[in-house]
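Inspection log for the structure reproduced underneath, given as C-alpha cells.
The values are calculated or read from the model by the stated rules, or taken from the named source; none is laboratory data. Computed from a predicted structure; not experimentally measured. A quick note on method: Cβ atoms are made from the backbone with ideal geometry, for glycine too, and the neighbour counts reach across all protein chains shown. Keep in mind that these areas ignore ligands, DNA and RNA; they rest on the heavy atoms of the full protein, side chains included. Shrake-Rupley method; radii C 1.70, N 1.55, O 1.52, S 1.80 Å.
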Amino acid sequence: MTARTGRKRRGRDIHGWIILDKPLQMTSSQAVGKIRWLLDAKKAGHAGTLDPLASGILPIGLGEATKAMPYIVDSTKDYAFTIGWGEARSTDDCEGDVVARSDVIPTADAIEAALPAFIGTIDQVPPAYSAIKVAGKRAYDLARSGADVTLAARSVTIHALRYLGAEEGGQKGRFVMTCGKGTYVRSLARDLAHRLGTVGHVTALRRTRVGPFNEEAAISLENLAKVGQSAPVEANVLPVTTALDDIPALAVTDQEADRIKQGQCLRHPSAKEGIQVLMCGERPVAIADCTNGVLKSLRVFNL
C-alpha cells in the first residue's frame, strides 16, 4: 500500500485560454473547477463572473494566462437577454421572490423611445443580490439574511442597446446590449421597466462576447469532455496572446527579454508610448508600459 503524504495534487502547467460556453445552473467558480479537473491544470481562473442563471461566454485563463485577466475583465461585453414585464423580483431575475406587480405592459414604441436614456455613460445602482462588498461582506449574503441592502450608484458605459421584439404576446421583450465593465443587466432591466411605468426582471440572459472571445471560439463542457476521449483536451486551449490582440506588440531580443524579466527598465527605439505586449519571436515576454521611450513591465510571463 502506498503511504499517503497528505499533499494536494498539483496538476500540470498549462498556459492559455479555454473559452467556455457556460451552462445554466452552474456558478463561474464551479466551471473553473470543472475545467481544472478536465485538463488536470495547476492554475486557472475566470475573467468576468456569470450568474448561475446566465449562460454563455466565460473565458477561463490557465497558468500564465491568468496574468492577462485584468485586460479581459475590463473589455467590452455583448449580452442577449429577455425582460419579463409586470413582475419585480427581489434578485431582479427569475430566481427571486415577487416583490411588486404591475398591469402595465409597454408597447414597442414606448420601449424604443426609452432606450436612448440608457445608452452612453450612465449611473446605475447594482442589484442588492450582487457580489459587491458592503462593510466586508457580500451584498447577496446580507440580502439573504434579511438586511436592507442599499448600494451606491456607479458609473457604467452602455455602448449599444437594441430592442429585438416581443414574446408571449408582449409579456416579455428581447434585447441585445454591448457594455463596459461593471454593467449589470439585471439593473438595466429593473430601471428600464421603471422608466416605462411598470416593473420587470430578467427572465433569460446569455453573454455572447467578452473582448476578443465570441461564440465561435467557445466550447461546452460536454464537447470538451468528448474531445478528451479521442484527442488531448489542451488542443482547445488558445494561446496566452489571444487575450492581448488589441494591444500593440513590440519585438524584443533574447537579451532584452532577460532584462525585462529581471525587473529592469528598457529603452527601445521602436517603442511607442502606452501599453504594449513584448514578444520574443512567438513567445510573449511581458505586458509593459512605455513612458518617454522607456519600457517598464506590468506583467511578466514565465513561458
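Some values worked out for this structure:
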quantity	calculated
Cα Rg over Rh - region 249-300, Kirkwood	0.89
Point-to-point label distance, Asp40-Arg174, nm (Cα→Cβ direction, 7 Å offset)	4.4
Percentage relative contact order, the chain, counting C-alpha pairs under 8 Å, at least six apart	21
Residue-normalised accessible area of region 264-303, given per residue in Å² at a 1.4 Å probe	53
Helix-only mean residue ellipticity at 222 nm for the chain, each DSSP H run of n ≥ 4 adding -39500 (n - 2.57), per residue, nearest 500	-5500 deg cm²/dmol
Largest-first principal axis extents of the Cα set of the chain (Å)	70, 64, 41
Extension gain (nm, one decimal) between Asp109 and Gln264, 0.36 nm per residue minus Cα-Cα	49.8 nm
Spatially proximal aspartates and glutamates relative to Lys261 (Cα-Cα < 17 Å; intrachain offsets below 8 disregarded)	Glu64, Glu282, Asp289
By average C-beta atoms within 10 angstrom, highest first, the peptides 53-61, 78-86, 119-127, 163-171	53-61, 78-86, 119-127, 163-171
Long pairs among Lys22/Lys77; Lys42/Lys67; Lys22/Lys67; Lys77/Lys172; Lys34/Lys181, criterion Cα-Cα beyond 20 Å	Lys22/Lys67; Lys77/Lys172; Lys34/Lys181
Angle between the chain longest axis and helix 28-39 axis [Cα atoms, degrees, rounded to 10]	40
Percent carbon-and-sulfur accessible area, the chain, ignoring ligands, DNA and RNA, probe 1.4 Å	49
Choice from His15, His268, His159 showing the highest fluctuation, given a GNM over the chain with Cα pairs closer than 10 Å	His268
Gain upon complete extension [Gln30, Arg195; 0.36 nm per residue less C-alpha separation]	55.8 nm
